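Structure record follows, encoded as structure tokens.
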Amino acid sequence: MDLGTEFSMALSPSSYKRLVSGEDCQVVARQAIRQLLESVMEEALRVRIRHRRLTHGPGSDRRNGYYERGMLSSWGWIQGIRVPRGRVSSVAEVILPKYKRRQPEFDAAVAHSFLLGHSTRKCSRFFAQIFGDAGISHTQVSQILAKVDESCKAWRNRPLRKPYAFLWLDGKCAAIAGALKRPHTVLWAYAATEEDQQRELIGFEVHRSEAIPHWESLLGALIRRGLDPQKLKLVIRDENSCCAQAILSLLGEVPQQSCAVHLERNLGKLVHRDNRGEFQNAVSEIFKQPSLRQARGSLAELLQRWQDREPEACLYLRANVDKSLCFYQVATNGIWRSHLKSTNMLERFFRELKRFEKSRQFRFADQKSCERFYYLFAWDYNHRHPTMPRPRNPSRRQAQRLQALRRQPSSSSQGGTTVCSTQRLLTGNASILPATQES
């Protein structure tokens with residue numbers, strides 16, 4: 001029977017189901033894997049027996065039959081694997097160590113399933129649907145994740161050998177069962193080197209609040225692991241006073257940069273709703289200036305313009321703006337300046353983490369499961385983002401048009417259209433190119 005005749009024949013429902021689901025392919029694949037493992041172990045045993053006879057004499061070792069064992073692989077449960085054995089030599093570790101029935105890749109898949117939001121029982125049900133009775137129980141999932149706890153402990157205690165120049169500190173709430181009225185807070189530390197522009201999450205701790213002892217615990221652990229305060233050029237934090245006191249007590253005279261974005265948000269709470277957008281845009285322009293002198297000039301213009309209309313916000317800005325301008329003393333180019341003025345390096349990580357937690361309605365069972373998940377997520381994030389991101393610089397044509405709009409004066413005949421459009425351009429809410437020039 002040729003191939004065309006075979007494909008033209010009608011399939012029974014059971015045959016069609018096996019063809020679509022790939023059951024026949026899985027059976028053939030498991031048989032091929034079993035034959036391959038058996039041939040590899042036969043050759044390994046033959047080499048070991050020959051080496052034993054050459055070193056200890058002709059009768060020192062010989063074959064001693066077979067025994068069968070099973071193995072859980074990514075293709076399902078492979079049973080009846082004939083493992084050859086000798087009187088002295090053994091090849092059991094060629095496929096799996098003693099008392100092991102799963103491949104390391106399978107354990108990694110279980111950990112990845114947990115990272116995607118599955119609990120231990122959900123992981124068990126998930127793999128039971130794929131492998132049937134040969135799946136794993138929730139107890140075995142817990143045993144696999146116990147190895148993740150060991151890796152988490154090693155990761156959080158690993159030595160810090162890189163010459164970190166910049167350090168970002170911030171906290172994030174974590175939903176843990178049994179802490180409904182007062183949620184836990186995860187304190188995070190993010191660091192970057194200046195020469196090769198490498199960045200990574202270097203540590204975190206779970207506490208009840210952002211109190212001074214908790215921040216001191218995190219910073220003390222980083223120093224013990226090898227973080228050198230003498231090499232740090234700047235520490236970027238939010239407007240938390242407890243974090244500032246902990247930095248001062250443990251890191252000494254390292255300059256502290258208060259987050260400019262948090263300053264803008266706090267000012268928005270003090271400004272009238274009708275003036276909020278325009279005032280915050282003006283504050284944002286202060287930190288976009290190329291030098292500290294120009295930033296001071298932009299600040300003076302803002303205070304002169306808004307002093308009578310928003311006195312409370314201007315008073316708060318005058319009292320706290322100096323703490324948010326420290327990055328000008330350290331950053332010498334625009335690559336670092338856009339990253340050192342705020343805690344956005346950590347906020348981007350928090351945004352991705354919150355999106356993941358919100359889509360799965362996360363609530364951790366205990367602190368250990370919280371640390372386990374955050375370790376896996378941080379490890380994955382470090383491998384996906386190893387270097388500092390480049391700032392998005394506008395093209396030459398866009399910069400020329402933006403500069404022309406800034407120089408164009410507003411008049412009564414324009415009715416404020418130019419000023420409004422310029423503000424929309426500065427905030428990114430409008431297209432820089434006019435509608436008539438779109439291709």
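Observations
- Long-range amide H partners of TYR164 with built H, under 5 Å: ASP228
- Between ARG265 and SER151, the contour length at 0.36 nm per residue exceeds the alpha carbon distance by 37.2 nm.
- Environment charge of GLU347, counting only residues whose C-beta is closer than 11 Å and scoring Lys/Arg +1, Asp/Glu -1: +1
- Ranked list, fewest to most other Cβ atoms within 10 Å of each Cβ, for ARG158, ARG85: ARG158, ARG85
- In plain terms, the C-alpha convex hull of the stretch 161-384 casts an average shadow of 13.6 nm² when viewed from every direction.
- Exceeding the 32 Å Cα-Cα cut-off - candidates LYS162/LYS288; LYS153/LYS288; LYS147/LYS172; LYS233/LYS288: LYS153/LYS288
- Going by neighbour counts of Cβ atoms within 10 Å, the residues SER119, SER90, SER258, SER73 line up, fewest first, as SER119, SER90, SER73, SER258.
- Taking the average, over residues, of other Cβ atoms within 10 Å as the packing measure, peptides 33-42, 239-248 rank 239-248, 33-42 from highest down.
- Burial ranking of peptide ranges 218-226, 378-386 (average Cβ count within 10 Å, highest at the top): 218-226, 378-386
- Taking 12 Å as the cut-off, the amide N atoms of the stretch 82-112 that come nearer than this to a point 7 Å along the Cα-to-beta-carbon line of ARG48 belong to 83-98.
- Counted by neighbouring Cβ atoms within 10 Å, the residues TYR316, TYR67, TYR328 run from fewest to most as TYR67, TYR316, TYR328.
- Across the options VAL141, ALA111, CYS152, the greatest Cα extent toward the positive end of the charge dipole of the stretch 102-156 (unit charges at beta carbon of Lys, Arg, Asp, Glu) belongs to CYS152.
- Cubic angstrom per residue, convex hull over Cα atoms of the stretch 167-224: 82 Å³
- Other-chain or far-sequence residues with amide H under 5 Å of GLU239's (modelled H): CYS259
- Only Lys, Arg (+1) and Asp, Glu (-1) charged, at Cβ; the stretch 102-156 dipole about Cα centre in debye: 180 debye
Quick note: the coordinates plus some simple rules give every number you see, no bench work behind them. Predicted model only: the values in this text are computed from it and were never measured. Positions of Cβ are generated from backbone atoms using ideal geometry, with glycine treated the same way; all protein chains shown enter the neighbour counts.
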